[in-house]
Amino acid sequence: MLIDSHAHLEMPEFKRDLEIVIQRAKGSGVEYIFTVGTEKEDWKRALEVAHSYPSVYAILGVHPHNAKEIDDQTYPMLKELCRNGKVKAYGEIGLDFFRNLSPRDIQLKRFREQIGLAKELGLPIVVHDREAHQETMEMLKSEKAEECGGIIHCFSGDNEMAKVCMDMGFYISIPGSITFKNAERFREIVKKIPLEFLLVETDAPFLTPEPFRGKRNEPSYVRYTAQKVAEIKNVSFEKVAEITTENALRVYRLK
Ligand SMILES: [Zn+2]
Ligand SMILES: [Zn+2]
């Protein structure tokens, strides 16, 4: 059994064949999929998908790309939607200083506010950090994010950062890029992170692992990521599947 801890099934890339994609995931041993609605237009669709399929749960929040779109109605609406039992975390929230689609000062302000909102809602957070490691860690510390805990998704930091995250009770989620030929440094980092803190994810439709790199990603491919983690840690695929599943069930409080 595997869990895809982070995907975007509400995105238009899955409009045509969602049912088949979810079935294929089941067939590959993916028991649960967590779909992340990142902006207003996607929240209701993510919930709709979660309600249509017993194996799908939702995560809602405002992505750093969309931070500039937050207005007076955003948080009240999210509070209402997040009360739904199918919502298991708040996110993805954080900082993206690579694409900078929202101004940095606004990203910081909205990240801070949303950590507070997640705590109020009693939900763990899913953190997006791209090229903003230091600022992300400073924010998690200053806002006492250990009180809600959660996941650093698509982890791209080093072992020092991983240690601080783990000390704060955060899990570290590994995407398909770990399978890429040029990801040797990333594999060395993951090798040293204890399995007890790892999750696996697709971030589908993005970040497709080898051997499908270049095509649309989908939850069934999460097993290639788990397989690579097993390989670099020199443990069985079954063990990686078992421990990462337990971790996901714990952080999303499904057991
Ligand atoms: Zn992300
Ligand atoms: Zn994502």
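Values as computed for the structure displayed
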item: Heavy atoms of residue 32 accessible to a 1.4 Å probe, total area in Å² rounded to 10; result: 60
item: Computed [θ] at 222 nm, deg cm²/dmol, the chain (DSSP H ≥ 4; -39,500 (n - 2.57); rounded to nearest 500); result: -12500 deg cm²/dmol
item: Separation between Cα centres of segment 6-21 and segment 154-173, rounded to whole Å; result: 29
item: Separation of the residue 147 and residue 167 label points, Cα + 7 Å toward Cβ, nm; result: 2.0
item: Charge context of residue 205, other residues only, Cβ under 10 angstrom, K/R +1, D/E -1; result: -1
item: Theoretical gain in end-to-end length, residue 28 to residue 239 [0.36 nm per residue, Cα-Cα removed]; result: 74.4 nm
item: Neighbourhood charge, 14 Å Cβ-Cβ cut-off, centred on residue 249 and excluding it, Lys, Arg +1 and Asp, Glu -1; result: -1
item: Count of Lys pairs (Cα-Cα under 22 Å; at least 8 positions apart or interchain) in segment 182-255; result: 9
item: Heavy-atom SASA rank of 187, 24 (probe 1.4 Å, accessible area, largest first); result: 24, 187
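The values are calculated or read from the model by the stated rules, or taken from the named source; none is laboratory data. What you are looking at is a predicted structure, and each value in this text was computed from that prediction instead of being measured. Backbone-built Cβ (ideal geometry, glycine too); neighbour counts: all protein chains shown. Surface accessibility is based on the protein's heavy atoms, side chains included, excluding ligands, DNA and RNA. Shrake-Rupley method; radii C 1.70, N 1.55, O 1.52, S 1.80 Å.
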